[in-house]
């Protein structure tokens with residue numbers, strides 16, 4: 001059973017708790033909110049990133065997610081370096097977290113010569129080994145708790161991929177293997193291929209999932225349930241669309257052109273959504289997270305706070321109980337694909 005640990009004290013003196021739960025069918029316990037670090041070094045300074053990570057620990061969040069490609073505007077891997085410098089402060093930080101990173105995308109570093117494997121996208125044995133070593137060095141640790149394939153690589157045989165992860169596991173460099181952006185049939189194939197080799201296979205899938213994008217309900221969620229994977233949704237607020245976009249617009253915050261276009265396209269839905277949030281007395285961003293947490297297959301939505309306030313808002317969301325009537329209204333505003341395949345479109 002999930003248990004509470006850490007809490008956010010409100011003005012009324014109540015404690016809002018983060019809970020810990022198994023990652024899918026596996027034994028490791030992770031917080032039901034995952035701290036995403038994508039903004040660190042890009043929108044958030046190193047100093048503020050350190051404060052956010054320290055506050056996350058205080059609140060009971062033990063699940064930290066990054067990727068070897070994050071840090072784009074500075075250079076690939078810069079975000080891992082920030083996390084590494086935070087860990088290097090000691091104080092039990094490394095021991096207190098489940099650390100996740102990813103491999104697949106280009107990681108071209110200023111200090112390196114151009115190299116076709118690192119500069120491209122793949123899951124070759126060469127790239128997995130090389131990029132794992134790079135991540136370990138930048139993160140200043142000797143192991144990665146959850147090493148995730150950032151995308152499917154259908155050009156690379158599973159014999160090669162699973163052998164690479166098996167070697168890293170036996171070397172003690174990684175503990176668990178996860179996927180990200182996999183189709184339902186990719187999850188099935190990966191798990192079957194791993195089982196044939198006597199390997200535990202995938203423990204989690206990290207996918208885009210939010211009220212406005214429910215496509216994974218067709219096949220990815222059923223695959224996760226069948227194989228016992230934890231689901232770690234990214235973009236839980238649809239890039240800010242579900243975070244009170246209309247309210248912010250009304251208060252004079254200007255959106256960039258593409259975001260403004262999205263708002264216009266979804267204005268009617270967003271009006272209904274933000275009005276419902278006002279009626280139930282919770283901010284839109286917190287309701288969007290609470291909706292995800294009501295799904296038993298969801299382990300932990302990934303939040304990418306740029307500030308401590310945004311982090312604390314996510315923690316408050318973990319305590320919101322949405323009743324059946326509210327969940328029904330949310331379904332009416334943001335209908336999903338109609339259930340799971342094949343019943344969603346067949347019989």
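The values are calculated or read from the model by the stated rules, or taken from the named source; none is laboratory data. No experiment lies behind these values; they were computed from the predicted model shown. Neighbour counts run over all protein chains shown; Cβ positions are idealised from the backbone, glycine included.
For residue 303, indicate whether it is surrounded by 17 or more Cβ atoms within 10 Å (Cβ to Cβ), within 23 Å of the chain's Cα centre (by Cα) and closer than 21 Å to residue 24 by Cα. So residue 303 passes the test. Just need a number here: residues in region 214-228 that are within 23 Å of residue 194 (Cα to Cα), part of a loop (DSSP other than H, G, I, E, B) and in contact with a helix residue (DSSP H, G or I) (Cβ under 8 Å, 6 or more places away or on another chain). Final tally of qualifying residues: 1.
Within region 196-207, identify whether any single residue is farther than 15 Å from residue 298 by Cβ and in contact with a strand residue (DSSP E or B) (Cβ under 6 Å, 6 or more places away or on another chain), and answer yes or no. Yes: one or more hits.
Kindly provide the set of residues from region 241-253 that are at pLDDT 95 or above and either surrounded by fewer than 16 Cβ atoms within 10 Å (Cβ to Cβ) or part of a helix (DSSP H, G or I) (or both), ordered by number. The answer is none; no residue qualifies.
In this entry, residue 285 passes the filter for residues that are in contact (Cβ under 8 Å) with a residue 12 or more places away in the chain and within 18 Å of residue 212 (Cβ to Cβ). Residue pairs whose Cβ atoms lie under 7 Å apart, separated by 6 or more positions or on different chains, with the first residue in region 243-264 and in contact (Cβ under 8 Å) with a residue 24 or more places away in the chain and the second assigned to a loop (DSSP other than H, G, I, E, B) and surrounded by 15 or more Cβ atoms within 10 Å (Cβ to Cβ), are 243/237; 244/283. Take residue 96 and decide whether it is in contact with a helix residue (DSSP H, G or I) (Cβ under 8 Å, 6 or more places away or on another chain) and more than 26 Å from residue 199 (Cα to Cα). Taking the combined requirement at face value, the residue satisfies it.
Applying the criterion of being in contact with a helix residue (DSSP H, G or I) (Cβ under 6 Å, 6 or more places away or on another chain) and crowded, with 19+ Cβ neighbours inside 10 Å to the residues of region 30-52, the residue that is farthest from residue 298 (Cα to Cα) is 41.
This table checks each residue for (1) within 20 Å of residue 207 (Cβ to Cβ); (2) at pLDDT below 95; (3) touching a helix residue (DSSP H, G or I) at 6+ places or on another chain (Cβ under 6 Å).
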position	(1), (2), (3)
292	yes, no, no
298	yes, no, yes
303	yes, no, yes
315	no, no, no
323	no, no, no
327	no, no, no
334	yes, no, no
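Candidates 94, 55, 129: the one that is under 14 Å from residue 37 (Cα atoms), modelled with pLDDT of 95 or more and surrounded by fewer than 23 Cβ atoms within 10 Å (Cβ to Cβ) is 55. In region 272-336, counting only helices (runs of 4 or more DSSP H) that sit wholly within it, the ones holding 2 or more residues that are farther than 21 Å from residue 33 by Cα span 324-333.
Here residue 231 does not qualify as assigned to a loop (DSSP other than H, G, I, E, B), crowded, with 24+ Cβ neighbours inside 10 Å, in contact with a helix residue (DSSP H, G or I) (Cβ under 9 Å, 6 or more places away or on another chain) and at pLDDT 95 or above.
Yes or no: residue 160 at pLDDT 95 or above and farther than 24 Å from residue 117 by Cβ? No. Please determine, by comparing only the residues of region 63-75 that are farther than 17 Å from residue 121 by Cα and surrounded by fewer than 23 Cβ atoms within 10 Å (Cβ to Cβ), which one is modelled with the lowest pLDDT. Top of the filtered list is 73.
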